[in-house]
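Worksheet: one structure, shown below.
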Amino acid sequence: MPEPVYPPGPEGEIDELADEKGWVVGSGSASGFVRDICDSLPVSAVDGASRPQWLVDSGQMDGDNGEALLVGVPKLCPEWAKAVKEAASGSYERWFGDGTYVVSSKTLPRDSMGEDDEELTIPPGTYRASGRMEDCYWERTSKGGDILDNQLATSARSITVTVAPSDGQFTSERCAVWKPVQ
């Protein structure tokens, strides 16, 4: 059997390493998978997740895919290397869009198929939604479902909410993405 021939440059280096390591990556070549992720990362944060969060929640970091991304992203799209390293380490900002979240320090990854049969969780902390918001409604409820605090902002540019460890749920409708306040 003839030895494989790899194209010169970073794509060939990624594919050769993947073959040497025996990685099974995506449905094509390792470099093709990495290139697809490089193309996806610029638009990945539009649905309420940070880029590292999207990589993890969508399963892109699973198995050999994560190894290929850790090696390939710095070569093909170095501007996203930090996001991949954060995803691999598990230490990254988690953002939250519209929905109802159970308040819990334990984070559960969302189903990679996008189905909502898992409980969505939000850790206690202070969050800010920024941007043009109209009719943004949020509420914090007790574990028993009683409203502890809520607000309807008919027009706002920035809203800050503190979710307490004792809260049961946090709900957000028609608001911008909630990001942790540092």
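Things to note:
- Unmet criterion (only one of (1) free of Cβ contacts under 8 Å to residues at least 40 places away in the same chain; (2) open to solvent by less than 60 Å² (accessible area, probe 1.4 Å)) for VAL177: (1)
- Residue that is least open to solvent (accessible area, probe 1.4 Å), among those in region 85-101 that are in contact with a Lys or Arg (Cβ under 9 Å, 6 or more places away or on another chain) and part of a helix (DSSP H, G or I): ALA87
- Selection count, region 161-174, where residues are closer than 18 Å to TRP95 by Cβ and surrounded by fewer than 13 Cβ atoms within 10 Å (Cβ to Cβ): 1
- Looking at SER158, SER142, just one residue is modelled with pLDDT of 95 or more and either among the hydrophobic types (A, V, I, L, M, F, W, C) or open to solvent by less than 50 Å² (accessible area, probe 1.4 Å) (or both), and that residue is SER142.
- Region 4-43, subset among the polar types (S, T, N, Q) and part of a helix (DSSP H, G or I), residue least open to solvent (accessible area, probe 1.4 Å): SER31
- Taken as a whole, region 44-57 holds no residue that is in contact with a helix residue (DSSP H, G or I) (Cβ under 8 Å, 6 or more places away or on another chain), at pLDDT 90 or above, open to solvent by less than 10 Å² (accessible area, probe 1.4 Å) and part of a loop (DSSP other than H, G, I, E, B).
The values are calculated or read from the model by the stated rules, or taken from the named source; none is laboratory data. Note that the coordinates shown come from a computational prediction; the quantities given were computed from them, not determined experimentally. Ideal geometry is used to build each Cβ from the backbone, glycine not excepted, and the neighbour counts take in all protein chains shown. Accessible surface is based on the protein model in full, side chains and every heavy atom, while ligands, DNA and RNA are left aside. Shrake-Rupley method; radii C 1.70, N 1.55, O 1.52, S 1.80 Å.
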